[in-house]
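Written out below as structure tokens is the structure these notes cover.
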Amino acid sequence: MALLEVRDLRAGYGSVPVLHGVTLDVEEGSNAVLVGLNGAGKTTTLLALAGLLASESGEIWFDGQRLDGLDARRRVRRGVVLVPEGRRVFPALTVAQNLRLGAWPRRRQRRLVGTALARVHGLFPVLAERRHQLAGTLSGGEQQMLAIGRGLMAGPRLLLVDEASLGLSPKLVAEVFAAVRQINADGVTVLMVEQNAGVLAGADRAFVLQKGRVVFAGAGGDAMQKTLWTAYFGDPLAEPGRR
């Protein structure tokens with residue numbers, strides 16, 4: 001049984017349907033990536049998994065228990081934590097205050113919170129150095145590190161990461177991806193949403209979303225094969241090396 005099982009998930013915004021029956025499995029301890037073009041439904045999928053968008057139908061199972069129907073707060077307590085697109089840090093609060101807010105669901109467990117904080121500082125030393133600095137004055141890359149660190153403070157079993165590379169330089173993208181790989185190596189299951197196809201090479205599992213449906217699911221190492229390339233870019237003649 002997979003840690004996360006999604007079956008025929010349908011969701012949208014008002015009268016506008018976006019997901020038309022998403023089905024996927026993410027194994028515990030794996031590093032999975034969901035890719036697709038703009039408008040494919042990637043962010044909508046993560047919002048539905050996190051409980052920030054109500055699903056219209058379908059099932060979401062996490063560690064053998066149904067998640068659909070639970071609000072976002074209870075999903076966080078189960079271990080499903082979202083790092084949202086666009087970082088969404090609290091700019092008028094310090095780095096330390098942002099991290100403490102991430103730990104709010106288990107604020108009474110001081111030892112666990114202290115361990116999580118040490119872990120975040122180990123991954124992102126710059127956050128320790130700038131703990132008293134207002135989050136809004138950090139660079140884009142530092143804010144992304146803070147957003148990921150805040151997610152880790154909640155003690156996730158499944159970390160949902162939405163477009164971590166968005167707007168970052170190639171150097172910072174490499175640093176952020178390396179940090180996510182380390183988080184996964186430390187035992188946290190990861191599901192990333194990305195348009196940056198470079199992340200696929202290091203993924204255990206890859207899913208391609210097209211018009212609200214998963215059109216490919218396979219090992220990350222197969223991600224640049226012709227089948228996936230065609231599904232992702234929509235060009236039957238396109239192959240790696242031709243662009």
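The values are calculated or read from the model by the stated rules, or taken from the named source; none is laboratory data. Values in this document were obtained by computation on a predicted structure and should not be read as measured data. Neighbour counts run over all protein chains shown; Cβ positions are idealised from the backbone, glycine included. When the accessible area is computed, the model is the full protein with side chains, heavy atoms only, and any ligands, DNA or RNA have been set aside. Shrake-Rupley method; radii C 1.70, N 1.55, O 1.52, S 1.80 Å.
Here is how the numbers come out for the structure above:
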{"quantity": "Cα shape, the range 42-114, gyration tensor, a/c 1.5 rule", "calculated": "oblate"}
{"quantity": "Per-residue SASA entry for residue 61, accessible area with 1.4 Å probe, Å² rounded to 10", "calculated": "80"}
{"quantity": "Translational D in µm²/s for the chain (Stokes-Einstein at 4 °C, 1.567 mPa s, Kirkwood Rh from C-alpha pairs)", "calculated": "71"}
{"quantity": "Residues in the range 27-46 that a label on residue 166 would reach, taking backbone N under 14 Å of a point 7 Å out along Cα→Cβ", "calculated": "36-46"}
{"quantity": "Farthest positive-ward along the chain dipole, Cα basis, beta-carbon charges - from 72, 134, 12", "calculated": "134"}
{"quantity": "Rg/Rh (Cα only; Kirkwood hydrodynamic radius) as it applies to the range 39-162", "calculated": "1.00"}
{"quantity": "Estimated FRET transfer efficiency (residue 52, residue 174; beta-carbon r; R0 30 Å; 0.05)", "calculated": "0.55"}
{"quantity": "Per-residue ³J(HN,Hα) for the range 64-77, Karplus 6.51 cos²θ - 1.76 cosθ + 1.60, θ = phi - 60°, Hz, x for Gly and Pro", "calculated": "x, 10, 6, 9, 4, x, 8, 7, 4, 4, 6, 5, 4, 5"}
{"quantity": "For the range 1-86, accessible area per residue (1.4 Å probe, heavy atoms of protein chains only), Å²", "calculated": "44"}
{"quantity": "The chain - charge dipole about Cα centre, Lys and Arg +1 at Cβ, Asp and Glu -1, debye rounded to 20", "calculated": "1020"}
{"quantity": "Charge dipole (debye, nearest 20) of the range 113-196; +1 at Cβ of Lys and Arg, -1 at Cβ of Asp and Glu", "calculated": "220"}
{"quantity": "Rounded accessible area of residue 63 (nearest 10 Å², 1.4 Å probe)", "calculated": "70"}
{"quantity": "The range 27-43-the range 47-108 distance, computed between alpha-carbon centres (Å)", "calculated": "17"}
{"quantity": "Rounded percent of accessible protein surface that carbon and sulfur make up, the chain, 1.4 Å probe", "calculated": "52"}
